[in-house]
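Bear in mind that the values in this text are calculations on the coordinates, not laboratory data. All values derive from a computational prediction rather than experimental measurement. No Cβ is skipped: glycine too gets one built from the backbone with ideal geometry, and neighbour counts run over all protein chains shown.
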Amino acid sequence: MASFDFTGWKLEKTNSCSMKKQIIVSILSLAGGIIFSSFIIAVTGNNPADVCYQIFSGAFGSAYGVSETLAKSIPLMLTSLGVSLSFRMNLWNIGGEGQFFMGAFGASWAALEFPSLPSGELLLLMLACGFAAGGIWALAAAIPKAFLNINETISTLLLNYIAILWVQYLVFGPWKDPKGKNFPVTAAFSQNAALPCLGNTDINIGLFAAVIIGLLLFLFLKYSRWGYEIKVSGNSRNTAVYAGMNYAKNILIVMFISGGIAGAAGMIEISGAVHRLQQDISPGYGYTAVIIALLARLNPFGIMIVSFFMGGLFVGGYNLQTSGFSLSTVLMFQGAILLFVLGSEILLQYKLVRKERT
């Protein structure tokens, strides 16, 4: 077993980690990120308690705030579920942002090309196009990974920028609304392309889709043969190949579904919230999804809970701006949480034991 020696103690690698320990470490990571951010805020001359109160009250202090938080959690939940699937196979899909944008692009094409289709048919077509676009974009990194063993972390990350710039090209160029007063947006979608919302809130039925997808992922990963293959492949490629599993095929399937779910998030965002394609459809959902997936330890139900918290961080950030603070304060919170989540992995992979006396 690998270990690192200290005076009187050593870190010893563990083969398993209990769910209780994972939950405790996640909570400690979250608390550490908040404390670290609070320290930075204090150094800048602001009151950390005031900043935290502004964020919390804006996101959870009223019925409107909670409904907005739920609405923000929908794209976060879906994108996080998507990237978590690839993470389970030890495929570091950091391209959720680009897959989100490509999903929005695919769904927008359907909405703009077939505006007169009946609502049900048009929404299904938009969903199919969004899922396919996101999945195909993920395959652009999966294929070289599967057959040439090219690092997917770098390729998925770089593909984000291409997707974002592609959408910018469309809204500044061929898809720009001539009646949009020179704003980089497409024409507004027809009413048939709008997802229904709950009552007078901004919560669209995409919330139910996210919950269903999370439940299906949990069941497939835990009880299906395919889920077992993903687990084995993620733990050891050599073991998977030795057992007769088609490792390359599983890479392609997992990455396609992973990108497809992120693409579906893009479709739901433009259909349920934005109602047109524009350059700033995402404030960083794909990047935040990585934080959420890791903080939830890739558990679909944990992802739903953490997505709600992160949605509150976005909504609270908007409330913070009205008080004169910059949105970068919220981004700092996210970055600090990610730093502590990554650092906490050592607590899950190693345990501190006393050296034996000789």
Separation of alpha-carbon centers, segment 155-216 and segment 116-130, rounded to whole Å: 14 Å
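Could you list 269, 68 in order of exposure, starting from the residue whose Cβ has the fewest other Cβ atoms within 10 Å? Each step should come with its number before you reach the end.
Details: 269 27, 68 23.
Going from sparsest to densest Cβ surroundings: 68, 269.
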3J(HN,Hα) from dihedral phi, segment 97-112, Karplus parametrisation 6.51/-1.76/1.60, rounded to Hz, x for glycine, proline: 5, x, 5, 4, 5, 5, x, 5, 4, x, 5, 5, 4, 5, 5, 7
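Could you please report the charge total around residue 235, scoring K, R as +1 and D, E as -1 over all other residues with beta-carbon less than 12 angstrom from its beta-carbon? Could the numbers behind the result be given before it?
Working: positive: 88, 231, 237; negative: 229.
Within the 12 Å Cβ shell, the charges total +2.
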Where labels lie 7 Å past Cα in the beta-carbon direction, separation of residue 179 and residue 239 in nm: 6.1 nm
For 72, 222, 181, order by how many other beta-carbon atoms lie within 10 Å, fewest first: 181, 222, 72
3J(HN,Hα) from dihedral phi, segment 195-212, Karplus parametrisation 6.51/-1.76/1.60, rounded to Hz, x for glycine, proline: 6, x, 10, 8, x, 9, 9, 8, 7, 9, 6, x, 4, 5, 4, 5, 5, 5
Principal-axis tilt of helix 300-321 within the chain, Cα atoms, nearest 10 degrees: 60 degrees
Helix-only CD estimate at 222 nm, as mean residue ellipticity for the chain, using -39500 (n - 2.57) per DSSP H run (n ≥ 4): -23000 deg cm²/dmol
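In the calculated pair distance distribution of the chain, what percentage of Cα-Cα distances lie above 27 Å? Please list the in-between numbers first.
Details: 32396 of 63903 pairs.
Percent of Cα pairs beyond 27 Å in the chain: 51.
Going by how many other beta carbons lie within 10 Å of each one, how would you line up 97, 113, fewest first?
Ranked by crowding around the Cβ, least crowded first: 113, 97.
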